[in-house]
Each structure stands twice: as structure tokens, then as C-alpha cells.
Amino acid sequence: MTNATPFHQAAFFKSAPSLAECPADTGVEVAFAGRSNAGKSSAINTLTRQGKLARTSKTPGRTRLINFFTLSPDTRLVDLPGYGYAKVPKAMKAEWDRHLAEYLRDRQSLAGLVLLMDIRHPLQEFDWHMVEWAMTAELPVHLLLTKADKLKRGPAQASLLGVKKHLADAGYGDMVSIQTFSSLKKVGLPELEATLMGWLQPVVPESPEHQN
């Protein structure tokens with residue numbers, strides 16, 4: 001990767017409970033989403049080389065916030081609310097779902113979505129909802145099959161190929177990329193960085209052809 005957007009310089013900027021309270025919709029940002037146990041915070045911390053940047057919390061009140069981290073004046077990482085909580089009221093789940101859908105549909109600076117799934121339990125119901133929301137918004141998606149260190153190479157590859165087949169069968173192959181990842185072993189980190197840089201690159205000054 002280049003030094004145009006150094007992930008290690010990520011810094012917390014703002015938490016917002018809804019799209020209306022998000023920072024100004026300018027520049028370019030990449031969002032991370034996933035079930036509450038998919039390893040989202042660990043992946044962000046591994047990417048940024050900061051162990052406590054995205055803090056895990058067992059209280060639903062924290063996880064319903066949209067958290068913004070600046071990489072540069074014009075680029076951001078976004079930690080979306082975790083989904084999949086079994087112990088929160090249905091009304092709260094519905095509210096989270098609505099805010100997630102609004103963000104994916106209406107956020108103009110959003111360049112791509114990293115969707116994290118435990119490699120042992122990929123493509124659960126809400127994962128598919130996230131993919132479908134993104135496809136409706138014509139938003140590129142990068143699937144991160146996390147906790148790859150929990151499986152041996154053969155089963156990990158089988159899971160990867162299985163998810164690829166489901167995506168191809170659904171007609172999503174062109175807009176969705178996929179890889180295995182392990183925060184513990186740093187497996188797949190260069191690939192993730194390259195994907196993010198591809199999405200964030202349009203704001204780099206030496207690429208005027210991408211600017212509006």
C-alpha cells in the first residue's frame with residue numbers, strides 16, 4: 001500500500017446515533033459492519049495497529065452508535081453498529097436496522113462496505129440483508145471471513161469457496177469481493193489494506209481524473 005492514507009494514523013472523531021448526526025458528508029469513507037461477535041473491532045484494531053481504537057463493549061447502548069475514525073482530512077473509517085443481539089427488544093433492533101439501511105442508502109461519501117463474518121458461520125440472515133442493501137445502493141462490498149485461525153487450511157478454503165458460490169448464484173459476483181482474515185495471526189491484512197486503498201484512492205491529489 002502507499003502512504004497516502006496511513007491506517008496507523010487513524011484517530012477517533014465522532015459517534016453518531018443516526019445518519020442525521022453523522023459528520024459532514026464529504027470526502028471518502030469506508031464502513032465496517034458485521035454481527036456483534038464477528039470480530040469487527042479486532043479487525044479495525046489490527047488494521048490500524050491500535051489495540052484499543054475500536055473498543056468492544058457488551059452493552060448494546062455503545063454498539064448502536066456509528067463511530068467515525070479519521071485517516072486524513074478527507075478520508076475516514078466507519079464502525080457501524082453491530083447486529084445480531086438476541087437480548088435487545090425488537091423495537092430497538094428495528095431502529096438499528098433502519099439507521100443502518102439509511103446510512104448505506106443515503107451516505108454519499110461512502111465508497112465501500114467491509115462486511116465481516118465468522119468463517120465458521122458465514123452468510124447468516126442479516127448478513128444477506130446487508131449485502132442486499134449494499135447491492136441496491138450499488139455499493140461495493142468486501143467480505144471478510146474472520147477468525148480464519150480457528151480452521152485448518154482445507155476447511156477455511158472450503159468455507160471461502162462456498163461463500164463465493166452463493167454470491168455467484170445470487171448474481172453478486174461483480175460487486176462483491178471476498179477473503180479470509182485473522183486478526184490474531186494477521187492473515188489477510190495486506191489484501192484488506194489493498195482493497196481499502198482502492199476505495200479511498202479517489203481523494204488522493206495525484207489522481208485528478210477521479211475527482212468531481
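The values are calculated or read from the model by the stated rules, or taken from the named source; none is laboratory data. Just so we're clear, the structure is a prediction, and the values are computed from it rather than from any experiment. All Cβ positions, even for glycine, are placed from backbone atoms using ideal geometry, and neighbour counts span all protein chains on display.
Table for the structure above
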| quantity | calculated |
| --- | --- |
| Filter result for Val78 (of a type in the set (Val, Ile, Thr), surrounded by 15 or more Cβ atoms within 10 Å (Cβ to Cβ), closer than 23 Å to Phe12 by Cα and without any contact (Cβ under 8 Å) to a residue 60 or more places away in the chain) | yes |
| Qualifying residues in region 134-147 (those that are part of a helix (DSSP H, G or I) and of a type in the set (A, V, I, L, M)) - the one farthest from Lys185 (Cα to Cα) | Met135 |
| So Thr136, is it surrounded by 14 or more Cβ atoms within 10 Å (Cβ to Cβ) and among the hydroxyl-bearing types (Ser, Thr, Tyr) | no |
| Test: residue in region 106-129 that is modelled with pLDDT of 95 or more, part of a strand (DSSP E or B) and among the polar types (S, T, N, Q) | no |
| Options Ser159, Ser182, Ser177: the member that is closer than 23 Å to Ser109 by Cα and either in contact with a His (Cβ under 8 Å, 6 or more places away or on another chain) or crowded, with 18+ Cβ neighbours inside 10 Å (or both) | Ser177 |
| Test: residue in region 148-165 that is outside any helix (DSSP H, G or I), touching a helix residue (DSSP H, G or I) at 6+ places or on another chain (Cβ under 8 Å) and in contact (Cβ under 8 Å) with a residue 24 or more places away in the chain | yes |
| Hey, Glu95 more than 18 Å from Ser36 (Cβ to Cβ) and in a helix (DSSP H, G or I) or not | no |
| Boolean, Gln108 is surrounded by fewer than 18 Cβ atoms within 10 Å (Cβ to Cβ) and more than 16 Å from Glu29 (Cβ to Cβ) | no |
| Search result, residues across region 170-182 that are modelled with pLDDT under 95 and either more than 19 Å from the chain's Cα centre (by Cα) or small (Gly, Ala, Ser) (or both) | Ala170, Gly171, Gly173 |
| Hits in region 83-103 (condition: within 23 Å of Leu200 (Cα to Cα) and either buried (at least 22 other Cβ atoms within 10 Å of the Cβ) or modelled with pLDDT under 75 (or both)) | Leu100, Tyr103 |
| Restricting region 1-38 to residues that are of a type in the set (Asp, Glu) and exposed (fewer than 14 other Cβ atoms within 10 Å of the Cβ), the residue that is modelled with the lowest pLDDT | Glu21 |
